[in-house]
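In what follows, a structure is listed as structure tokens, so that the remarks can point back to it.
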Ligand code: AP5
Ligand code: MG
């Protein structure tokens, strides 16, 4: 199964992807996570991406397409994958289509998690991520248990000023993908304001054709 999760910053893409990978035994491919690793490691790609990420802007398509090309070629993607935060522009979606065509595979489902902008800021500013396990928490909606305070990090772009810029980038550059995938007949929407468990159930119902 080849799935893509679409949605604004903080819509819950990472939270849901981490729950689905266990059930379907396929990897999560988060371009955001790959970029943050590159920034941390200080690679050339990380250095190029950092400024855009810190400013809430998108990283250039050529960097992102290169990342995906390498990642999809890895053995663990043979059974399928969950794309989280990619594609984010029409050129990225077109490049993905060509890449998958060359590989003889196709996207089965694009699921959009819909959350109004008003809720996004609270979600983003309350997010904490475990630096040990990568688990995603929210101080109010999904509070950490059995985690030490010092193991929880706040992402550098998780502040009000930057999230507003990330939301603008989403509406201007990523939202056109809704129409792109609707035309291909593989697009569904889920109410992302439900609780985490019910969102997972809604996604599973789509994937299982219920
Ligand atoms: P990326 O890391 O992808 O960030 P994003 O798209 O802004 O999305 P987030 O990770 O912030 O949100 P999420 O939807 O995963 O939500 P989460 O599950 O964590 O990208 C970061 C940057 O990298 C970009 O700004 C860009 O610069 C660059 N980049 C990445 N990919 C790129 C690409 N393809 N092209 C160009 N540039 C790219 O949940 C958020 C919070 O809400 C958590 O606290 C969680 O606990 C809570 N929560 C989750 N679900 C619920 C719920 N149902 N109810 C209440 N709270 C909930
Ligand atoms: Mg995420």
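Things worth noting here:
- Kirkwood hydrodynamic radius of the chain, Cα pairs, Å: 17.6 Å
- Equivalent-ellipsoid semi-axes for the stretch 9-105 (Cα gyration tensor, √(5λ), whole Å, largest first): 21, 17, 13.
- Just so you know, the Rg over Rh for the stretch 61-166 is 1.03, from Cα atoms, with Rh as the Kirkwood radius.
- Per residue of the chain, the DSSP helices (runs of n ≥ 4 H) give a summed -39500 (n - 2.57) that works out to -14000 deg cm²/dmol at 222 nm.
- Residue among 133, 125, 174 with the largest mean-square fluctuation in a Gaussian network model of the chain, springs linking Cα atoms under 10 Å: 133
- Per the Debye calculation on the stretch 106-210 with a single equal scatterer at every Cα and no solvent contribution, log₁₀ I(q)/I(0) for q = 0.14, 0.17, 0.18, 0.24 Å⁻¹ amounts to -0.72, -0.99, -1.06, -1.27.
- Taken as Cα centroids, the stretch 143-210 and the stretch 53-87 sit 16 Å apart, rounded to the nearest whole angstrom.
- Normalised radius of gyration (Cα atoms, divided by 2.2 N^0.38 Å) for the stretch 1-41: 1.24.
- Among 22, 61, 146: highest mean-square fluctuation, GNM of the chain, C-alpha pairs under 10 Å: 146
- Working ranking of peptides 180-186, 106-112, 15-21 by packing, defined as the average number of other Cβ atoms within 10 Å per residue, highest first, is 15-21, 106-112, 180-186.
Read the figures in this text as sums done on the coordinates, not as results from a lab. Fair warning: this is a prediction, and the values are worked out from it, not measured in the lab. Because the Cβ atoms are built from the backbone with ideal geometry, glycine has one as well, and the counts that use them run over all protein chains shown.
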